[in-house]
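Chemist: Mind looking over this structure? Questions follow.
The values are calculated or read from the model by the stated rules, or taken from the named source; none is laboratory data. Here the structure is a predicted model, which is why all the values come from computation and not from measurement. Please note: Cβ atoms are built from the backbone with ideal geometry, for glycine as well, and neighbour counts cover all protein chains shown. In case anyone asks, the SASA skips ligands and DNA or RNA and just uses the protein heavy atoms, side chains included. Shrake-Rupley method; radii C 1.70, N 1.55, O 1.52, S 1.80 Å.
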Amino acid sequence: MSDFAELHFGGEVYKLPVVEGTENEKALDISKLRGQSGLITIDPGYKNTGSTESAITFLDGEKGILRYRGYPIEQLAEKSSFLEVAYLIIYGELPNTEELKKWEREITYHTLIHEDFKVLLEGFPSNAHPMGVLSSCVTALTAFYPDSLDPVRSKNEVRISIVRLMAKLPTLASWAYKNEIGQPLLYPKNDMDYCSSFLRMMFATPAEDFKPDPVVVAALNTLLILHADHEQNCSTSTVRIVGSSHASLYASVSAGINALWGPLHGGANQAVIEMLEAIKADGGDADKYLAKAKDKDDPFRLMGFGHRVYKNFDPRARIIKKAADDVLGKLGVNDPILDIAKKLEEAALSDPYFVERKLYPNVDFYSGIIYRALGIPTNMFTVMFALGRLPGWIGQWKEMRENNEPIGRPRQVYTGYNERNYTDLSKR
Ligand code: SDX
């Protein structure tokens with residue numbers, strides 16, 4: 001196969017080099033196109049446009065493949081821990097025993113946050129959405145750790161900035177929740193693992209010796225692994241483009257949290273549960289809502305279905321669906337909306353509208369059902385997604401800075417007025 005493409009335009013022929021990845025993905029390198037031909041490309045939503053070359057995550061949307069640094073998600077979800085996967089995504093290799101112990105110890109001893117965050121939290125009204133609180137608190141970390149403002153000056157500053165963010169996000173997330181419900185804030189416990197300490201900060205009160213259910217801890221560990229990275233999705237692309245201006249890691253991740261919040265992206269897990277509860281309240285008629293989703297005049301979308309990349313199945317959805325059955329069984333939870341979800345899925349998977357458009361359940365379709373079973377409140381679901389996606393945001397930001405990628409500044413096609421003269425107010 002030739003290693004270039006030819007573009008015929010204006011009587012000229014332009015050769016565009018073809019870039020090939022380690023999984024035989026091919027891309028046209030158009031980095032010199034404008035200088036040679038005066039042409040730019042346009043691709044709303046970047047559906048056909050690659051923004052970078054990355055060695056972190058590989059997806060194959062047709063085959064439903066997802067690998068972090070070459071390791072299949074199915075193996076990592078079954079055998080690894082979230083902190084081990086975070087290390088893999090950020091530093092490129094699975095840690096050895098000593099490296100993992102050091103990583104876990106560093107994170108354990110950086111989970112505390114400055115007491116002044118309590119003043120910041122008290123400033124939010126009780127109905128503030130935890131995602132807005134979380135992104136504000138992550139930006140506020142720049143005030144408490146000024147050496148994080150441009151950590152790329154030294155590897156030590158990068159490492160400590162990464163460790164602080166990995167360690168403090170669970171504390172910030174649980175404090176946002178406790179502040180919302182008016183309960184006392186709890187401090188992390190160093191003798192508990194990452195997931196157990198987070199669950200304790202979320203659900204315990206100072207008066208009790210809380211021990212999380214091992215089933216819940218294991219399910220949370222799996223869910224965080226499944227969300228850890230997903231190549232150039234909307235929020236990760238946001239982190240990369242903000243970071244490309246040499247904004248700090250904390251400022252870039254705060255922007256990523258806000259991008260994830262949207263209901264078309266990470267906010268879908270909350271929207272799925274709200275949709276299922278609305279269907280249940282309306283009599284549980286899945287067919288009625290499938291018809292609404294297909295009606296072009298109806299803004300209703302089947303939340304948790306469809307994906308920009310996966311066009312046969314989302315491998316994470318398969319793992320989460322099995323985990324949902326397992327966790328609800330072990331916890332003895334009988335959630336009627338799970339039945340509605342399964343009925344919706346079965347109907348959609350045989351409906352031509354969904355089959356033709358390759359709309360399958362995505363990672364968000366079943367995750368909300370597990371979060372509910374674990375006792376996580378609905379408006380914290382996307383916060384859980386952010387906790388999981390943090391290593392991906394960090395790893396992609398780090399890769400972008402280490403590769404000295406240029407500041408992101410897309411071009412456009414102008415469609416406004418041609419030149420015209422100013423008219424005095426009296427003549428308008
Ligand atoms: C995540 O990118 C990632 O990797 C994201 C993510 C990650 O890990 O970071 O995987 C996490 O964001 C998962 C997606 C969560 N969002 C939802 O569940 C919201 C519902 N889904 C959609 O809004 C939609 O499917 C998207 C946003 C996920 C994908 O949208 P695309 O690729 O831009 O596709 P599209 O909007 O152009 O839709 C193509 C067609 C359209 O119909 P036609 O114009 O061809 O007639 O499919 C239809 C759409 O109307 N369609 C749906 C639908 N999703 C697409 N119709 C009904 N219900 C849906 N959910």
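Chemist: Along the positive direction of the dipole of the chain (beta-carbon charges: Lys, Arg +1; Asp, Glu -1; about the Cα centre), which of Val272, His114, Leu290 reaches farthest?
Modeler: His114
Chemist: Return, ordered by residue number, the residues of region 218-254 whose backbone nitrogen is under 11 Å from a label point located 7 Å along Cα→Cβ of Ile407.
Modeler: It comes to 244-247, nothing else.
Chemist: Report the local net charge at Thr41: Lys and Arg +1, Asp and Glu -1, summed over other residues whose C-beta lies under 15 Å from its C-beta.
Modeler: +3
Chemist: Take peptides 162-172, 202-212 and line them up by average Cβ neighbours within 10 Å, highest first, as a rough protection proxy.
Modeler: My ranking of the peptides, most packed first, is 162-172, 202-212.
Chemist: Just to confirm my numbers, what's the Cα centroid distance between region 7-42 and region 47-119 in Å?
Modeler: 33 Å
Chemist: Moving on to the next point. Of the accessible area of the chain, with the probe set at 1.4 angstrom, what percent is carbon plus sulfur?
Modeler: 52 percent
Chemist: Relative to the Cα centre, what is the charge dipole magnitude of the chain, using +1 at the beta carbon of each Lys and Arg, -1 at the beta carbon of each Asp and Glu, and rounding to the nearest 20 debye?
Modeler: Around 640 debye, computed over the chain.
Chemist: Hey, got a sec? Which trypsin sites (Lys or Arg not before Pro) in region 368-411 land in a DSSP loop and have at most 15 other Cβ atoms within 10 Å?
Modeler: For trypsin sites (Lys or Arg not before Pro) across region 368-411 that sit outside H, G, I, E and B with at most 15 neighbouring Cβ atoms in 10 Å, the list reads Arg411.
Chemist: Near Ile241, within a Cβ-to-Cβ distance under 11 Å, what is the net charge of the other residues, with Lys and Arg +1 and Asp and Glu -1?
Modeler: Combined, the nearby Lys, Arg, Asp and Glu give +1.
Chemist: While we're looking at this one, here's another question. Within region 373-400, find all residues whose amide N lies under 19 Å from a label point positioned 7 Å from the Cα of Lys322 along Cα-to-beta-carbon.
Modeler: Backbone N within reach: none found.
Chemist: Measure of size requested: the Rg and Dmax of the chain, with Cα atoms as the atom set and Å as the unit; please supply both.
Modeler: Cα radius of gyration and Dmax of the chain are 23.4, 79 Å respectively.
Chemist: Let me ask another. Under a point spin-label approximation (7 Å from Cα along Cα-to-Cβ), what is the Val333-Asp191 distance to one decimal in nm?
Modeler: 2.9 nm
Chemist: When you count, for each residue, the other Cβ atoms within 10 Å and take the mean per peptide, how do 308-315, 295-302, 419-426 rank with the highest first?
Modeler: 308-315, 295-302, 419-426
Chemist: With 13 Å as the cut-off, how large is the P(r) tail for region 4-50, expressed as percent of Cα-Cα pairs?
Modeler: 61 percent
Chemist: Let me know the volume per residue of the alpha-carbon convex hull for region 216-371, in Å³.
Modeler: About 120 Å³ per residue, rounded to a whole number.
Chemist: Among the trypsin sites (Lys or Arg not before Pro) in region 21-53, which ones are in a DSSP loop with at most 15 other Cβ atoms within 10 Å of the Cβ? Mind listing them?
Modeler: Sparse-neighbourhood loop trypsin sites (Lys or Arg not before Pro): Lys32, Lys47.
Chemist: Turning to a different aspect of this structure: Nearest-5 percent of antiparallel DSSP beta bridges in the chain?
Modeler: That works out to approximately 100 percent antiparallel.
Chemist: Moving on to the next point. 222 nm [θ] for the chain, helices only, -39500 (n - 2.57) per DSSP H run of 4+, per residue, to 500?
Modeler: Here the helix-only value at 222 nm equals -16000 deg cm²/dmol.
Chemist: Follow-up question, since we're still on this one. Using label points projected 7 Å from each Cα along Cα→Cβ, tell me how many nm separate Glu356 and Glu25, to one decimal.
Modeler: 2.9 nm
Chemist: Sorted by average packing, counted as other Cβ atoms within 10 angstrom per residue and highest first, what order do 125-135, 265-275 take?
Modeler: Going from most to least packed, we get 265-275, 125-135.
Chemist: Also: Considering the convex hull of the alpha carbon atoms of region 306-428, report its projected area averaged over all viewing directions, in nm², one decimal.
Modeler: 15.5 nm²
Chemist: While we're here: How many percent of the alpha carbon pairs in region 224-277 exceed a separation of 16 Å?
Modeler: 47 percent
Chemist: Next question. Find the accessible area per residue for region 4-50; the probe is 1.4 Å, ligands and nucleic acids are left out, and the unit is Å².
Modeler: 79 Å²
Chemist: Where the only charges are on Cβ atoms (+1 Lys, Arg; -1 Asp, Glu), what is the dipole of region 4-50 about its Cα centre, to the nearest 20 debye?
Modeler: In debye, rounded to 20, region 4-50 gives about 180.
Chemist: Let me ask another. For region 1-45, run through the GluC sites (Glu not before Pro) and keep only the ones in DSSP coil with at most 14 other Cβ atoms within 10 Å of their Cβ.
Modeler: Here the GluC sites (Glu not before Pro) that fit, given the DSSP loop and packing criteria, are Glu23, Glu25.
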